[in-house]
Amino acid sequence: RSLSLSISAVSQNVTTPESQDALKRALAKQAVGLVKSGMVIGLGTGSTASLAIEELGKLIRQGKLKDVVAVGANYQSRVLARQFGVKTVDLNDVNNIDIAFDGVDEVDFNKNLLKGGGAAHTMQKVVDSVAKECIILADQSKVVHLLGSIFPVPVEVLPLAISPVLRRLVTLGGVPEIRSALRKDGPVITDLGNMVVDVRYVLISLSIVLSPHFPNGIPNPAQLENSINMIPGVVEMRLNRIVSGIATSVLVAIQDGDNV
Ligand code: 5RP
């Protein structure tokens, strides 16, 4: 299995679930190999970040790493860290974070990220932005030319402001939908007590109707991020899932024989 330190070509999106799991594990191992004793580590959320937490725990238990502490971006990562023997501390107890590891839903060739599949993007963005180095772990299925090609844009919203925010998202050309819990018996509520709105863009839907060859996605992620963050009730500018300019490097895992 090969690992690339930079994105250099087009994703083929051919990963099967089994090979995707293997790629995520390979990424996790590669990432924790960068950790040194005494470091403060930022822990992201999702299946890839969870594997990195597990691999980090293994190195600590084997005595290969000493005095490592971790800041978990949310409840899930903190619970997992404890389970795998990684000591956790509060973000407010550390002066800085040496390396943060995080997964991603989509990444483009400019290292713009679309995150939030697990509704944990707000604190992830804070932890990732505090870290001296933020390493994003992406299997080949995550690489896109334009963000928004596959996933909608997740926006974390104060529950009491949900209606005006939905209206403003529509005026920005979006098709917003409040994210529901799996059993559809209520909205998803984040660790911070807010709701999540997933937004697709009319341009994207129209492009499918008008021409299947027209590129889908968001041409200017940073501009859209700023516009969304200006809406009162959106939980400050760091809460939506387009995270521009935060990743310091992106590890992309590709299946042997495939081109990314
Ligand atoms: C959660 C996230 C995750 O990092 C993202 O959804 C990727 O998850 P996975 O590693 O399971 O594919 O942003 O809010």
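Structure notes:
- Summary of the geometry: region 130-183 and region 51-84, compared by the centres of their Cα atoms, lie 28 Å apart.
- Among M39, M195, the order by Cβ neighbours within 10 angstrom, fewest to most, reads M39, M195.
- Protection proxy ranking of 121-128, 222-229, 73-80, 161-168 - average other beta-carbon atoms within 10 Å, highest first: 121-128, 73-80, 222-229, 161-168
- Per residue convex hull volume, Cα atoms of region 16-94, in Å³: 78
- Under 5 Å from the amide H of E106 lie the amide H atoms of L114, each residue being 5 or more positions distant or on a separate chain, with H modelled from the backbone and absent for Pro and chain starts.
- 5 angstrom amide H check on V71, placed H, neighbours 5+ away: I41, G42, L43, V89
- Across region 29-39, computed HN-Hα scalar couplings (Karplus, 6.51 cos²θ - 1.76 cosθ + 1.60, θ = phi - 60°) run 5, 4, 5, 6, x, 8, 7, 10, 3, x, 7 Hz from first to last residue, x flagging Gly and Pro.
- Out-of-range pairs (alpha-carbon distance over 21 Å; input K24/K87; K29/K87; K64/K142; K87/K142): K24/K87; K64/K142; K87/K142
Where a number appears in this text, it was derived from the coordinates with a stated rule and is not lab data. All values reported here derive from a predicted model rather than from experimental measurement. Because the Cβ atoms are built from the backbone with ideal geometry, glycine has one as well, and the counts that use them run over all protein chains shown.
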